[in-house]
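> Once you've had a glance at the structure underneath, I'll fire off some questions.
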Amino acid sequence: MPSLKDLKVRIKSVKSTQKITKAMKVVAAAKLARARAAAEAARPYAVAMEGMVTRLAAAASGQANLPKLLVGTGQDKTELLIVVTADRGLSGAFNSSIVRAARKYIREQLVAGKSVKIYCIGRKGRDWLNEYKHLIIGSRIELAKNTNYRMAEGIADEIFEEMQSSGFDRITMLYNQFKSVISQVPTFQTLMPLDRRVARNVVAPANDRRKPLPPYEYEPSEEQILADLLPRNFAMQLLTALLDNNAGFYGAQMNAMENATKNAGEMIKKLTLKYNRTRQANITKELIEIISGAEAI
């Protein structure tokens, strides 16, 4: 049975931890507001660009010498998996859900006889996928403070350089899509070849959705525009995923710290109750000893 001194030390330690978790919750909430605003601001531009590229792809379909980012290589043997996690933890299952999904996907591709390469964005993904270290071709860390288009473009350029030597047939990105403060969904997104199905917002005007989209004439040709636009779209989709992932991390961290603060409060109540009971038992024991000694005299 722990002594009163041990219980006092434990109560003090848990109270200190509770102060830390409460402070971390406040900081995460403030950062979440900024990260969420950035993610919501970037999403319309990414969706509009996706729609434009989809229309261009539809207009250029059937033509020869189309970019690899659009049509791929015609094979499905070598795949690059971009795994997006956070640099830090204390966020519940945020990082582990992504790593778990990545491990399952990699195993499935290897069992199917395909070659898989990994590009890690975020320290946790790089560290936790250690069993596939020989498949990791590159990584980026410490990006949360500087998540912008220039940074995403730099990552895209690294991937394009590696693609020239490794000859990827397919590029897939795995990240946590931000749904709400309490919901972050592990999401696979194919970046190459481009999914040429109807884009998310390629619809008719809001006043009459039954009307078809108007025809476009492109100058210069669709192939030339696509050759310039596809790398930008790749970087923009990457940036949108990073901003979503960043907002999701702060949402998950805020919830995790709130739960930790509540748990610490419950533990303090239990330890305080135990301390009071132990103290009362000690007092009762001392009184019994005093009374017994007096009666013996």
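The values are calculated or read from the model by the stated rules, or taken from the named source; none is laboratory data. Quick caveat, the model's predicted, so the values are computed rather than measured. Here the Cβ positions follow ideal geometry from the backbone for every residue, glycine too, while neighbour counts run over all protein chains shown. Heads up: the accessible areas ignore ligands, DNA and RNA and are worked out on the full protein's heavy atoms, side chains in. Shrake-Rupley method; radii C 1.70, N 1.55, O 1.52, S 1.80 Å.
> Which far-off residues, 5 or more places away or on another chain, put their amide H under 5 Å from the one on V116, with H placed in the peptide plane?
The list, which skips near neighbours in sequence, is E79.
> Enter the angle in degrees (range 0 to 90, nearest 10) between the Cα long axis of helix 222-296 and the first principal axis of the Cα atoms of the chain, meaning the one along which they spread out most.
The angle comes out at about 10 degrees.
> Find how much the distance from E108 to A227 grows on full extension, using 0.36 nm per residue of separation minus their present alpha carbon separation; answer in nm with one decimal.
Working: separation 119, 0.36 × 119 = 42.84 nm, distance 3.25 nm.
Result for the pair: 39.6 nm of gain on full extension.
> Right, something else. How long is the gain from A296 to Y149 if the chain were fully straight, where each residue apart is worth 0.36 nm and the alpha carbon distance is subtracted?
Details: separation 147, 0.36 × 147 = 52.92 nm, distance 8.71 nm.
My answer for the length gained is 44.2 nm.
> If amide H atoms are built 1.01 Å from N in the plane of the peptide, which residues on other chains or at least 5 residues away come under 5 Å of the amide H of I82?
Amide H neighbours of I82, under 5 Å, 5+ apart: Y119, T172, M173, L174.
> Compute the long axis of helix 4-60 from its Cα atoms, compare it with the longest principal axis of the Cα atoms of the chain, and write down the angle in degrees, 0 to 90, nearest 10.
Approximately 10 degrees, to the nearest ten.
> Explain nothing, just the number: dipole magnitude of segment 19-89 about its Cα centre with +1 on each Lys and Arg Cβ and -1 on each Asp and Glu Cβ, in debye rounded to the nearest 20. Present the calculation step by step, with values, prior to reporting the outcome.
Details: 11 positive and 5 negative charges, 130 e Å.
My answer is approximately 620 debye.
> Of all alpha-carbon pairs in the chain, indicate the percentage at a distance above 29 angstrom. Please report the intermediate quantities before stating the final value.
Details: 22260 of 43956 pairs.
Every Cα pair in the chain considered, those over 29 Å come to 51 percent.
> If you consider only alpha-carbon coordinates, what radius of gyration and Dmax does segment 7-123 have, in Å?
22.3, 77
> Multiply the residue separation of A48 and S183 by 0.36 nm, subtract the distance between their alpha-carbon atoms, and state the gained length in nm to one decimal. Walk me through the intermediate numbers first.
Details: separation 135, 0.36 × 135 = 48.60 nm, distance 2.48 nm.
Extra length from A48 to S183 when fully extended: 46.1 nm.
> Counting only pairs 8 or more places apart or on different chains, how many lysine pairs in segment 1-53 have C-alpha atoms closer than 19 Å? Let's see the in-between values first.
Details: K5/K15; K8/K19; K12/K22; K15/K25; K19/K31; K22/K31.
Value for segment 1-53: 6.
> Got a number for the accessible area of L4? Probe 1.4 Å, square angstrom, nearest 10.
Only protein atoms counted, so the area is about 50 Å².
> Compute the acute angle (0 to 90°) between the alpha-carbon long axis of helix 94-111 and the principal axis of greatest extent of the alpha-carbon atoms of the chain; round to the nearest 10°.
50
> Roll a 1.4 angstrom probe over the protein heavy atoms and tell me the percent of accessible area of the chain that is carbon or sulfur. Let's see the in-between values first.
Working: 9150 of 17010 Å².
Its accessible area is 54 percent carbon and sulfur atoms.
> Which is the longest stretch in the chain that no exposed loop site breaks, taking sites as trypsin sites (Lys or Arg not before Pro) with a DSSP loop state and at most 16 other Cβ atoms within 10 Å?
On the way: sites that count: K77, R88, K114, R196, R197, R200, R209, R210.
No qualifying site falls inside 211-297, the longest such stretch.
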